[in-house]
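S.K.: Here's a structure for you.
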Number of protein chains: 4
Amino acid sequence: MKIGVIGASGYAGGELLRLLAGHPEFEVSCVTAHSNAGEEITSVHPQLTSYAGQSFSSFKASDFERCELIFLALPHGESAAVIASLSPKAKIVDLGADYRLEDGAKWEKYYGGTHAGTWTYGAPELPGARANIAKSSKVANPGCYATAIALGTAPAAKIADLSDVVVVAASGTTGAGRSAKINLIASEVMGSLTSYKFGGVHQHTPEIEEALTRATGTAAKISFTPILAPMPRGILATITMKLNSAITNEAAHKIYNDAYNGEEFVKVLPLGQMPQTSSVLGSNYVAIQVAVDEHTNRLVVSVAIDNLVKGAAGQAIQNANIICGLPENLGLTGMGLGV
Amino acid sequence: MKIGVIGASGYAGGELLRLLAGHPEFEVSCVTAHSNAGEEITSVHPQLTSYAGQSFSSFKASDFERCELIFLALPHGESAAVIASLSPKAKIVDLGADYRLEDGAKWEKYYGGTHAGTWTYGAPELPGARANIAKSSKVANPGCYATAIALGTAPAAKIADLSDVVVVAASGTTGAGRSAKINLIASEVMGSLTSYKFGGVHQHTPEIEEALTRATGTAAKISFTPILAPMPRGILATITMKLNSAITNEAAHKIYNDAYNGEEFVKVLPLGQMPQTSSVLGSNYVAIQVAVDEHTNRLVVSVAIDNLVKGAAGQAIQNANIICGLPENLGLTGMGLGV
Amino acid sequence: MKIGVIGASGYAGGELLRLLAGHPEFEVSCVTAHSNAGEEITSVHPQLTSYAGQSFSSFKASDFERCELIFLALPHGESAAVIASLSPKAKIVDLGADYRLEDGAKWEKYYGGTHAGTWTYGAPELPGARANIAKSSKVANPGCYATAIALGTAPAAKIADLSDVVVVAASGTTGAGRSAKINLIASEVMGSLTSYKFGGVHQHTPEIEEALTRATGTAAKISFTPILAPMPRGILATITMKLNSAITNEAAHKIYNDAYNGEEFVKVLPLGQMPQTSSVLGSNYVAIQVAVDEHTNRLVVSVAIDNLVKGAAGQAIQNANIICGLPENLGLTGMGLGV
Amino acid sequence: MKIGVIGASGYAGGELLRLLAGHPEFEVSCVTAHSNAGEEITSVHPQLTSYAGQSFSSFKASDFERCELIFLALPHGESAAVIASLSPKAKIVDLGADYRLEDGAKWEKYYGGTHAGTWTYGAPELPGARANIAKSSKVANPGCYATAIALGTAPAAKIADLSDVVVVAASGTTGAGRSAKINLIASEVMGSLTSYKFGGVHQHTPEIEEALTRATGTAAKISFTPILAPMPRGILATITMKLNSAITNEAAHKIYNDAYNGEEFVKVLPLGQMPQTSSVLGSNYVAIQVAVDEHTNRLVVSVAIDNLVKGAAGQAIQNANIICGLPENLGLTGMGLGV
């Protein structure tokens, strides 16, 4: 099955190429980039040795006629114009934000510009989502923070107050993209922690709220503070909510375990073991732990993902597998590096 | 003025020796360690070149008779026995937890063992604290997390609900001590984030609550989740509370600015600039920023300190300066490395 | 094909399990550990989700009767006793040093204790090695530094003086093992570089010299200085030798290119591109660049590997593939993470 | 004594300001920057709290008439034009490369453009240098690598062959400047090692050779390979040379000890202790260890400095102290952070 990747010079695009090289059913046929068009793929992504000799091409819609499935990894706001030129029959997974939100006003408030529309939200493990994805040919792939936070919060709907969820989540630097900015250079980042988009203004906030509200039937409201962490990959999200009533650690743990029972990629850890981002490094797995803070009657949840895999390229392939009728885990069973 | 340091082989002890070497009034006269007794100071702390040729001695009370001022940097629970053998007239700053809490039951719950007693809590910038410290000869130096969190929360008492403060704070690894444990080795920590003491069980919780309640006159309750970050030093605390009523960013910022107006070591950053731990690295400074999350009607505060300086050795010297009647900033004006 | 892993609680053992889980022909049947026997595999290696529910067992020779192929990842000096109890027909790849050296006196000088013997040295890409490995049922898997340095040096035999090779190589901390030592804790390592086994005493020195002498027919002598780098994985080796006569960059590059032409795992980069350890992270690939320093008439070679993959577990599986008559790259085609 | 800093927005400039703030005799009076002119100093260097409220000014020669001493921290090639406009009586320490080389042809080969001239080379601890500096009013401050390598090599002139010195040195990322380039962003650097300016082309090569030849009376030739290390600060240089004749470790150590006997800033460590960059972090100290590799008859030297302090701003102040007739260590006695 021939596939295309549009916008492959960034970190998410590179990760797509890496994972797709090991996918038994998908054959990468077209790879485009904008400013890097004409350059060898390995000059931008030296790790992608199996692509040696291939170059990024400029986007030409006709090149993609042979592709049954297309991944888009473009900057926010650029997907619609490209999609308009593609065959309406093409299966598309958009890693960008353009089609994630239902509420156009929210899109315009958080991203600026015009809302492109709403596609099926591709978070397969959220209640009710998988069946919808399977019926879709166009999927909006969730944001990295949104993935971690929605998966960590949804099971709590039964026991906690989703109208006042507090989240602090730290991300590795690839979450900020492959972009030459002073605040992202290694000298500024290594050995340091700093917050950004401070005061509840991160653009994943409405996405998380919509996803949770849809998944749980409860109006969710979230206070989210992101942090830039001195590591290349990984998100660790800490989520806390008021419990509706007292509950034991074990009972809370069981609710989470039950919620993700049978899920290949979402692992609720045994009590006493904490998620660490290194354990999911390079993999599509999610590690979750939950605890009851009896002192404050709060539920506390810790979630680790690799922002480039489950938070971007891996989940995109997972969604592609679903809409193509393939086993959901195809090409995604590689485990985390651990160290 | 001759001073002694008891328990100088750990990170806080080493930092004390580093800072004391630059202090114009304090002369380090006795330096003890337990398992490293007899070893050269520079074999444990190779950076301390000005101590070359000196060794750690075993603790002998008589050695400390000549010391007017003594710093204790011992493991929790070990201070009382040592103090019993020292002159009651000695000025003492205890970097351990033994004398920090008023509530003995809380001490026993969080630390185990017997509560040693309660000393003046040495957080000079909290309302009402400085004058009490100045009258004391024995000071309990605050915990590293407690320092960051109490300073970041106290000014909010006027505008927010301190009965449900949510804090997520990440610390560099020196916060876990100079201890050979598998979970602290570099292979496990670098490139990874993980939470610990999860579910509201961190022992600084009652200390922060007591400090805030004392400083603000409001009963404070805190849900605190600590995170181990891949960097040697630094704490970044994110604090959030429900606002009592709507307030602008500028008004919230002014309240914090006013609260720390004239304080040498606590800097409320200009709006738009975020605290980063590297900017306080190696220094006694605290960087704070505050914002209103209008979406959730929450106040969000970000605080950065160096856990070994303002979170331990630097604040200990600041307290010592106060109880000795010296300028509070003596020996502490070195600025952060920045990178 | 049933296989066993003896000594799987260390980093090399964990990496074996990770890679073996994706191998289409090998089925992990027995997994032992010493001090961790009885513990769940995922309690030590939380990333290994596909092993959930399985525990390390204590070594019992009878358990291994069903294993056609056995990997040993034991501390130096412990392989012989275990091997004596295994079936002589078993195919074995030993990741330890016990059977790597031909010269028993050198073994005893650098490792202490008794030399166990000499097995086929499993560096498939060195001249003459692959055919020997294919005929063997017992293979000594090379050391991590030895792999990088021998591959980086061997092609130079035609143009440079191998009797005075100077190497400085830096390794990530997993090279030092999963061991709770003060000098390996994150606080000591992060943000710092330091050398160790200083003055030509590293135990891989004779291994590299034997490998190069065997592969090139020239007596090789090496001055090797190892460095501990603040990263979990990766080796970057810098190798320099006097050139026999002046040669251009292009000519030197062609010699290296020709030497590894057709090798799946050894990539001589295009001129102008430098090896970086992140590009081989998690993969069995080797990245090499070569340059002529005209100013000093020296050849300079830079080599990057992942110490746990090509430097340990990956190369072990590569050797196992060869001795089992399987395609050499089976289970090993995953590319590096890149970032 | 009023002083000026021209070009203070980079890392070396920021470090100058940090150290000058603690200098008892120097009063920072003029601070310029080019593209950051008009911005607050703390917006670029948030750690420099004592400069709060001050802004970078554009360079105007008349502003510097009141400055007895001026530090230049400009990009290579820009010093001459600025200096031409300053009073010829001004004492100047240039942190750039423009006046470091005696050989103009080498300057043009390695830097391009026109050679500005030759000033006294400010490496006080090299034989014969201090007296020359004391007589000068203009000093060329050494490069960061040059400082580490020249100090590590000079004492060996008596026992080793300086005509074929091999050096591999790794630097933290601040050595590459405060510059927004893709290869310097944290995602690319963290967890990775890579070489650059590969093949003997680094511009410090002629500087080191001239410094060593001048200091030792022996024509020095050096093969130098630099490496970018995943840490903000620090250089670890590994230097090796053929010994003229066999010598013991102890004898080599004594030669180095004697060479730096009485030097405040250069510390030859006790045998068995290795330099680590963290131990000199933030300080003007140099840590050196030396060993004889009997196997290859080579001397091996390991040197650690902080590239921004002894490798730039600290040594510049040291030189300024000398030319101003002040105690050489004034404002420079702060010790390394250690962790």
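S.K.: For the range A:60-70, state whether one or more residues are among the hydroxyl-bearing types (Ser, Thr, Tyr), within 14 Å of another protein chain (Cβ to nearest Cβ) and farther than 26 Å from A:Arg100 by Cβ.
M.R.: Checked against the condition, which is being among the hydroxyl-bearing types (Ser, Thr, Tyr), within 14 Å of another protein chain (Cβ to nearest Cβ) and farther than 26 Å from A:Arg100 by Cβ, the range A:60-70 yields no hits at all.
S.K.: Checking the structure you have, find out if any residue of the range A:142-155 is in contact (Cβ under 8 Å) with a residue 12 or more places away in the chain and more than 24 Å from A:Arg233 (Cβ to Cβ).
M.R.: Yes.
S.K.: What tally of residues in the range D:51-100 results from selecting those that are among the acidic types (Asp, Glu), more than 20 Å from the chain's Cα centre (by Cα) and in a loop (DSSP other than H, G, I, E, B)?
M.R.: The number of residues fulfilling the criteria is 1.
S.K.: Still on this structure, please answer the following. Give the residues of the range C:184-212 that are assigned to a helix (DSSP H, G or I) and either more than 21 Å from B:Leu193 (Cα to Cα) or of a type in the set (A, V, I, L, M, F, W, C) (or both), sorted by residue number.
M.R.: Of everything in the range C:184-212, those that are assigned to a helix (DSSP H, G or I) and either more than 21 Å from B:Leu193 (Cα to Cα) or of a type in the set (A, V, I, L, M, F, W, C) (or both) turn out to be C:Leu184, C:Ala186, C:Val189, C:His204, C:Thr205, C:Pro206, C:Glu207, C:Ile208, C:Glu209, C:Glu210, C:Ala211, C:Leu212.
S.K.: Spot the failing condition for D:Ala52; the list is (1) surrounded by fewer than 23 Cβ atoms within 10 Å (Cβ to Cβ); (2) among the aliphatic types (A, V, I, L, M); (3) away from every other protein chain (no Cβ under 14 Å), and only one is missed.
M.R.: All conditions are met except number (3).
S.K.: Now a separate question. Output the residues belonging to the range D:56-78 that are of a type outside the set (A, V, I, L, M), closer than 16 Å to D:Glu15 by Cα and in contact with a strand residue (DSSP E or B) (Cβ under 8 Å, 6 or more places away or on another chain).
M.R.: Selection gives D:Phe56, D:Phe71.
S.K.: Could you tell me how many of the residues in the range A:306-329 are within 21 Å of C:Gln47 (Cα to Cα) and either within 13 Å of chain C (Cβ to nearest Cβ) or not polar (S, T, N, Q) (or both)?
M.R.: The total comes to 12.
S.K.: Let me ask you something else. Considering each of B:Thr248, B:Thr194, B:Thr205 in turn, give the residue that is within 19 Å of A:Val300 (Cα to Cα), over 17 Å from the mean Cα position of the chain (by Cα) and at pLDDT 95 or above.
M.R.: Within the list B:Thr248, B:Thr194, B:Thr205, the selection yields B:Thr194.
S.K.: Among residues belonging to the range D:116-150 that are outside any loop (DSSP other than H, G, I, E, B) and hydroxyl-bearing (Ser, Thr, Tyr), point out the one that is surrounded by the fewest Cβ atoms within 10 Å (Cβ to Cβ).
M.R.: Step by step, filter the range D:116-150, then rank; the result is D:Thr120.
S.K.: Is there any pair with a first residue in the range C:172-196 that is over 21 Å from C:Pro75 (Cβ atoms) and assigned by TED's automatic domain parsing to the domain that holds C:Ala12 and a second that is assigned to a loop (DSSP other than H, G, I, E, B) and hydroxyl-bearing (Ser, Thr, Tyr) whose Cβ atoms are under 9 Å apart and which are 6 or more apart or on different chains, and what are they?
M.R.: none
S.K.: Being over 20 Å from B:Ala123 (Cβ atoms) and in contact with a Lys or Arg (Cβ under 7 Å, 6 or more places away or on another chain) is the filter here, so list the residues in the range B:263-306 that pass it.
M.R.: Passing the criteria: B:Leu281, B:Thr296, B:Asn297, B:Arg298.
This table checks each residue for (1) assigned by TED's automatic domain parsing to the domain that holds B:Ser283; (2) within 18 Å of B:Ile288 (Cα to Cα); (3) in contact (Cβ under 8 Å) with a residue 40 or more places away in the chain.
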{"position": "B:Leu299", "(1), (2), (3)": "yes, yes, yes"}
{"position": "B:Val303", "(1), (2), (3)": "yes, yes, yes"}
{"position": "B:Ile317", "(1), (2), (3)": "no, no, yes"}
{"position": "B:Asn329", "(1), (2), (3)": "no, no, yes"}
{"position": "B:Gly338", "(1), (2), (3)": "no, yes, yes"}
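S.K.: Take C:Gly22 and decide whether it is buried (at least 16 other Cβ atoms within 10 Å of the Cβ), under 18 Å from the mean Cα position of the chain (by Cα) and of a type in the set (Gly, Ala, Ser).
M.R.: no
S.K.: With the condition kept exactly as written, say whether any residue in the range B:268-283 is β-branched (Val, Ile, Thr), in a strand (DSSP E or B), buried (at least 18 other Cβ atoms within 10 Å of the Cβ) and more than 14 Å from chain A (Cβ to nearest Cβ).
M.R.: no
S.K.: Residue check: is B:Ile239 under 20 Å from the mean Cα position of the chain (by Cα), part of a strand (DSSP E or B), modelled with pLDDT of 95 or more and buried (at least 21 other Cβ atoms within 10 Å of the Cβ)?
M.R.: Yes: the conditions hold for B:Ile239.
S.K.: Return a yes/no flag: does the range A:246-263 have any residue that is within 30 Å of C:Pro230 (Cβ to Cβ) and outside any loop (DSSP other than H, G, I, E, B).
M.R.: no
S.K.: Does the range C:170-187 include one or more residues that are over 30 Å from B:Gly175 (Cα atoms), more than 9 Å from chain D (Cβ to nearest Cβ), in contact with a Phe, Trp or Tyr (Cβ under 9 Å, 6 or more places away or on another chain) and hydrophobic (A, V, I, L, M, F, W, C)?
M.R.: So far as the range C:170-187 goes, no, none of its residues is over 30 Å from B:Gly175 (Cα atoms), more than 9 Å from chain D (Cβ to nearest Cβ), in contact with a Phe, Trp or Tyr (Cβ under 9 Å, 6 or more places away or on another chain) and hydrophobic (A, V, I, L, M, F, W, C).
S.K.: Okay, moving on. Mind checking which residues of the range B:223-249 are within 11 Å of chain A (Cβ to nearest Cβ), hydrophobic (A, V, I, L, M, F, W, C) and out of contact with any strand residue (DSSP E or B) (no Cβ under 7 Å at 6 or more places or on another chain)?
M.R.: B:Met231
S.K.: Let me ask another. Take the conditions charged (D, E, K, R) and more than 21 Å from B:Ile3 (Cα to Cα) and apply them to B:Glu328. Does it pass?
M.R.: no
S.K.: Still on this structure: Here are D:Ala220, D:Ala259: which of them is of a type in the set (A, V, I, L, M), in contact with a Ser or Thr (Cβ under 9 Å, 6 or more places away or on another chain), in contact (Cβ under 8 Å) with a residue 60 or more places away in the chain and more than 9 Å from every other protein chain (Cβ to nearest Cβ)?
M.R.: That would be D:Ala220, the only listed residue that is of a type in the set (A, V, I, L, M), in contact with a Ser or Thr (Cβ under 9 Å, 6 or more places away or on another chain), in contact (Cβ under 8 Å) with a residue 60 or more places away in the chain and more than 9 Å from every other protein chain (Cβ to nearest Cβ).
S.K.: Could I ask something else about it? So, in the range B:151-161, of the ones that are surrounded by fewer than 24 Cβ atoms within 10 Å (Cβ to Cβ) and modelled with pLDDT of 95 or more, which residue ends up nearest to the other protein chains (Cβ to nearest Cβ)?
M.R.: B:Asp161
S.K.: Give the range D:115-141 a look and list any residue that's closer than 15 Å to D:Leu101 by Cβ and without any contact (Cβ under 8 Å) to a residue 60 or more places away in the chain, or say none.
M.R.: Hits for the range D:115-141 are D:His115, D:Ala116, D:Gly117, D:Thr118, D:Trp119, D:Thr120, D:Lys138, D:Ala140.
S.K.: Another question, then. If you take the residues of the range A:284-305 that are part of a loop (DSSP other than H, G, I, E, B) and at the interface with another protein chain (Cβ under 10 Å from one of its Cβ atoms), which of them is farthest from A:Ser245 (Cα to Cα)?
M.R.: Selected residue: A:Tyr285.
S.K.: Could you tell me whether any residue of the range B:261-268 is in the same structural domain as B:Gly200 (by TED's automatic domain parsing) and closer than 17 Å to B:Leu20 by Cα?
M.R.: Among the residues of the range B:261-268, not one is in the same structural domain as B:Gly200 (by TED's automatic domain parsing) and closer than 17 Å to B:Leu20 by Cα, which makes the answer no.
S.K.: Can you pull out the residues in the range C:294-305 that are in contact with a Leu (Cβ under 6 Å, 6 or more places away or on another chain) and buried (at least 24 other Cβ atoms within 10 Å of the Cβ)?
M.R.: Within the range C:294-305, C:Leu299, C:Ala304 meet the criteria.
S.K.: Which one of these does C:Leu332 not meet: (1) on the phi > 0 side of the Ramachandran plot; (2) of a type outside the set (Phe, Trp, Tyr); (3) more than 14 Å from chain D (Cβ to nearest Cβ)?
M.R.: Result: C:Leu332 fails condition (1) only.
S.K.: For residues that are buried (at least 24 other Cβ atoms within 10 Å of the Cβ) and more than 9 Å from every other protein chain (Cβ to nearest Cβ), scanning just the range C:193-208, find the one that is nearest to D:Asn249 (Cα to Cα).
M.R.: C:His204
The values are calculated or read from the model by the stated rules, or taken from the named source; none is laboratory data. The model shown is predicted, which means the values in this text are computed figures rather than measured ones. All Cβ positions, even for glycine, are placed from backbone atoms using ideal geometry, and neighbour counts span all protein chains on display.
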